[in-house]
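The numbers here are math on the coordinates, done by the rules we state, and not lab data. Remember, it's a predicted structure, so these values are computed and weren't measured experimentally. Note that each Cβ is placed from the backbone with ideal geometry, even for glycine, and that neighbours are counted across all protein chains shown.
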């Protein structure tokens, strides 16, 4: 079946869990900014975790379905509707042939995922359906008139279940909550005032922020002593410090290597929360150590696996 | 910052799901050769849950899935991965088996193909012909690929051709541009922003996501530039 893009929204791209194996050739991972919301949308639509879904940013698209199917929306809170009827998020929703889904504007958070039963079918590029907007790999940013193809549904497509997920443990766009940060390799090279400021002061997410990185505006951070460094590998969540003193939190389309000091590393469990913040919103960092953040990550993965199993059981019941 | 050492390699975490292995410092061909040897060794070792190995100048990242590296003792994943890496490097890595073949990259130098060639010649106090002769005389080693898919950073530039990067980067550098930034030379595989001095352009396609392999050059490869004229550039562009 096909989905026609009537209006593309602000930045709508197909994403999966990212591209791996070609980073040594300079190819980044890309993939969903909020990997938890992606997985839950896919689970609710009856898909496996690796299915491609539509990442929607701040202003959603208008889509026409040429056959009946099941969809699920998870992530940032959007006002979605079909023919004036609200489309609830965090649950499977049956749509009829010819239905026009209007996703509207995000009320809170920045990104949501639209999964469709059977997944969006995309010719994989280097093993992934993800769109790397910055490196121009994979698909492109959706435009009006595009036609997306969806696979065959694996669950019943004729009924909307009467239950939905409680998003609270899985989604948090509240900018008042701190983002946990591990000290980076070059944290100790910051001067004393900057070491304090990093964990005590507030930063604003700059307007130039995107899927490559979030530019953080706040107190200028400075090194106590200059560092002689050459390009070294980077990771999603790395907090880089360019000479201007305003750090950049690297997101999923970050380059594979870079030569700025790495003063911190956002905890993996908090990457989806950071991804849901908008330009102009604030960020405060709270220190966590690596053992604690890995333990929390493992706990979250276990809980998420259990939830996804439970969703699967209920959908097939 | 926690660090763990094995002989001649310092292992440090790079967040929750990567380790950084350090084999030296700076732009050093010896350290870089050790990075490539380690890349080969780790690739062959096939550690579970390793999703990417990323060689840089003197360091190498190992990106892993923490959930694959839990153990019954409750030790956190990064320590388990670091321990496995230490075991692998207990035997110093053999140099990576290298294809000694030299990959030739045709370049049309100067003019519209290399807008900064004159500036480089002036900076180096050399004739244009001498700059080209020196750039084509050297054999280079691909130290790493980064910045953009397929962008090779090459070691081996004649010191007479070193030149600090442009004060203001260009927003658009044409695909195939051969450029000099500091002590290095490299090739822009696609139209990109860039701050290096453009001295020529190759008609070769350096990166094609549908190709196998997708990148014409790989870390550790040897490269030589061959001067071509505009007519040959056109022929090769349409080849």
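Points to keep in mind about this one:
- Cβ-Cβ FRET estimate between residue A:220 and residue A:282, R0 fixed at 25 Å, reported to 0.05: 0.90
- Degrees between helix A:290-316 axis and first principal axis of chain A (Cα, 0 to 90, nearest 10): 0 degrees
- Ranked by the mean number of other Cβ atoms within 10 Å of their residues, highest first, the peptides A:107-116, A:205-214 fall in the order A:107-116, A:205-214.
- Look at the alpha carbon pairs under 8 Å that are at least 6 residues apart: their mean separation over the length of chain A gives a relative contact order of 20 percent.
- Partner shielding of A:289-298 amounts to 5, given as the average count of beta-carbon atoms from other chains within 10 Å of each residue beta-carbon.
- Inter-centroid distance (Cα atoms) of the range B:27-83 relative to the range A:10-31, Å: 21 Å
- With a 10 Å cut-off around each Cβ of A:133-146, the average count of Cβ atoms from other chains is 1.
- Within 10 Å of each Cβ in B:146-159, the average number of Cβ atoms from other chains: 4
- Net length gained if the chain between residue A:107 and residue A:310 were fully extended (0.36 nm per residue, minus Cα distance): 70.2 nm
- Nearest 10 degrees, 0 to 90: helix A:35-44 Cα axis against chain A principal axis: 10 degrees
- GNM flexibility winner over chain A from A:141, A:230, A:269 (Cα, springs under 10 Å): A:230
- Length-normalised contact order of the range A:62-112 in % [C-alpha pairs under 8 Å, at least 6 apart]: 51 percent
- Based on DSSP H segments of at least four residues, each scored -39500 (n - 2.57), chain A has a per-residue ellipticity at 222 nm of -5000 deg cm²/dmol.
- Packing, as the average of other Cβ atoms within 10 Å across residues, places the peptides A:296-308, B:200-212 in the order B:200-212, A:296-308, highest first.
- Descending by average beta-carbon neighbour count within 10 Å, the peptides B:13-23, A:60-70 line up as B:13-23, A:60-70, the highest first.
- Percent antiparallel among DSSP beta bridges (both partners in chain A, rounded to 5): 95 percent
- Rounded is the label for the range B:102-237, because a/c, from the alpha-carbon gyration tensor with a ≥ b ≥ c as root eigenvalues, stays below 1.5.
- Hull volume per residue, based on the alpha-carbon atoms of the protein assembly as shown and their convex hull, is 154 Å³.
- Within the listed set B:111, B:46, B:195, the Gaussian network model of chain B (springs between alpha-carbon atoms below 10 Å) gives the highest mean-square fluctuation for B:46.
- Set of the range B:39-72 residues, backbone N closer than 19 Å to the point 7 Å along the Cα-Cβ line of residue A:124: B:48-53, B:64-65
- Against chain B, whose longest principal axis comes from its Cα atoms, helix B:128-137 is set at around 30 degrees.
- Candidates B:220, B:146, B:26: whichever shows maximal mean-square fluctuation once chain B is modelled as a Gaussian network with Cα springs under 10 Å: B:26
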